[in-house]
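Undergrad: Here it is: the structure, laid out below.
Throughout, read-outs are computed from the coordinates displayed, never taken from laboratory work. Just so it is clear, the structure is predicted and the values come from calculations on it, not from any experiment. Cβ atoms come from the backbone with ideal geometry, glycine included; neighbour counts cover every protein chain shown.
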Amino acid sequence: MASYQYHEPAKDFSPQDRTAIRIFTSLIEEAEAINWYTQRIEVESDNEAKKIIEDARDEEYKHFSMELEWLIRRHPKWQQYLKKILFSQGDIVQIANKAEKEIGS
Ligand SMILES: [Fe+2]
């Protein structure tokens with residue numbers, strides 16, 4: 001059984017924790033896939049192959065978004081930060097620092 005995803009003894013986690021850890025791990029893998037596909041798209045010269053890779057990358061956007069949504073539904077403070085930072089306009093660091101002051105760390 002794979003255990004690379006655990007940084008603490010696996011036996012100490014509840015079934016709910018294990019599910020969350022699986023989703024965190026999947027989220028990381030989706031981000032890696034998006035990165036890898038994006039790199040391949042950048043260097044691919046065959047337009048038909050490029051479209052196939054773009055389609056695969058776009059599918060990973062959906063997977064990443066679903067997993068992120070699953071996680072943030074279970075982390076209220078994370079929700080608070082995302083509500084203030086995602087889709088905002090302007091300097092991201094300033095927006096995040098303002099959010100931190102409002103939300104507290
Ligand atoms: Fe995926």
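Undergrad: How high is the relative contact order of the stretch 38-105, in percent, counting Cα pairs under 8 Å that sit 6 or more residues apart? Spell out each step's value before the answer.
TA: Working: 25 pairs, mean separation 13.1, N = 68.
Dividing the mean separation by the residue count of the stretch 38-105 yields 19 percent.
Undergrad: Same structure, new question: With a ≥ b ≥ c taken as the square roots of the eigenvalues of the C-alpha gyration tensor of the chain, please select rounded if a/c is under 1.5 and otherwise prolate if a/b is larger than b/c or oblate if it is not?
TA: On the way: a/c = 2.66, a/b = 1.20, b/c = 2.22.
Since a/c reaches 1.5 but b/c is at least a/b, the shape of the chain is classed as oblate.
Undergrad: Within 10 Å, at most 16 other Cβ atoms, and a DSSP state outside H, G, I, E, B define an exposed site. Report the longest part of the chain free of exposed chymotrypsin sites (Phe, Trp or Tyr not before Pro).
TA: The answer is 14-86.
Undergrad: Given 0.36 nm per residue, what is the gain on full extension from residue 31 to residue 49 after removing their alpha carbon distance, in nm? All intermediate terms of the calculation are to be shown ahead of the outcome.
TA: Details: separation 18, 0.36 × 18 = 6.48 nm, distance 2.10 nm.
Length gained, residue 31 through residue 49: 4.4 nm.
Undergrad: I would also like to ask the following. Treat every Asp and Glu Cβ in the chain as -1 and every Lys and Arg Cβ as +1, leave all other atoms uncharged, and give the resulting dipole magnitude about the Cα centre to the nearest 20 debye.
TA: On the way: 15 positive and 20 negative charges, 139 e Å.
So the dipole magnitude of the chain works out to roughly 660 debye.
Undergrad: Multiply the residue separation of residue 71 and residue 39 by 0.36 nm, subtract the distance between their alpha-carbon atoms, and state the gained length in nm to one decimal.
TA: 8.8 nm
Undergrad: What is the spin-label model distance, in nm, from residue 87 to residue 10 if the labels are put 7 Å beyond Cα along the C-beta direction?
TA: Placing both labels 7 Å along Cα→Cβ, they lie 3.9 nm apart.
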